[in-house]
Structures are given as structure tokens and as C-alpha cells.
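Just so it is clear, none of the values below were taken in a lab; they were calculated from the coordinates. These numbers were taken from a predicted model, which means no experiment stands behind them. Positions of Cβ are generated from backbone atoms using ideal geometry, with glycine treated the same way; all protein chains shown enter the neighbour counts.
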Amino acid sequence: MNFDYSDTSIALQEKLKEFMEIHVLPIEKEVELFHKNPENSWKRWPGLESLKQKAKDAGLRNVFLPGSYGALSAGLSNLEYAPLAEIMGRVLWSSEIFNCNAPDTGNMEVLAKYGTP
């Protein structure tokens, strides 16, 4: 069995690492301090939506969707997606930026498959 990553997966890994280094890691402490403040218990960090848009613009949203989802998918297998999940997992809250966070991933699969415009 071949466990090598495809060129697509490798390219996305590099793109994701760069995104994390530029946009996520520099603010990790800021976000952590925001969430530790009891006054923010039920609040979202204010910069989250702009990070989501940057990820979308970079083509890094919904990369978990399998190839059968056509244009909505990066076309990756679970093997190819695994290193991307590992990269996102280095920062507890970062998978939400890429719309790859549980439990929303299951919801996105349903919407991608059965949703209408």
C-alpha cells in the first residue's frame, strides 16, 4: 500500500503551514488571553471572522470534504487530509478558521451534498 501524499496534499500542507505562521501563530497568545478573561466566557474572539475570510480567499476552507463533493472539495482522501488536520491541531481553535472543526464538519458534508443555493 502506498502512503505517499499526493502533490495536491503536499501543496496544501505548505500553504496551510504558511497561513498558520503568518496569521495564526502570531496571535495565538492574544486569543488565549481573550478566552481566559471571564468577561468573554460566551464571546467569540473579534478577529475570527476576518481570519475565516482570509482562509477562504486562500483556498483553505472545507479541505476535509472528500473528492466526491466535486467543486466544493479539495478532492483529498483521508490519508491526504490527515497531515492538514495535524497542522491545524497544533492550535486548539484554528480548525474553525478553516471550517474543519467538529461538529460542523458533519454538518458541512450534509449541506454540501443536499443543500441548494
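Quick notes on this structure:
- Distance from the range 4-21 to the range 54-90 (C-alpha centre basis), Å: 10 Å
- Size descriptor for the chain, Kirkwood hydrodynamic radius: 15.2 Å (Cα pairs only, one decimal).
- Lysine pairs with alpha-carbon atoms under 19 Å apart, the chain, spacing 8 or more or separate chains: 10
- By average C-beta atoms within 10 angstrom, highest first, the peptides 49-60, 34-45: 49-60, 34-45
- Lys/Arg +1, Asp/Glu -1 at C-beta; the chain dipole; positive extreme among LEU84, SER41, PRO103: SER41
- Pairwise label distance in nanometres, ALA71 with GLU30, each label 7 Å out on the Cα-Cβ vector: 3.5 nm
- Placing +1 on the Cβ of every Lys and Arg and -1 on the Cβ of every Asp and Glu, with no other charges, gives the chain a dipole of roughly 320 debye about its Cα centre.
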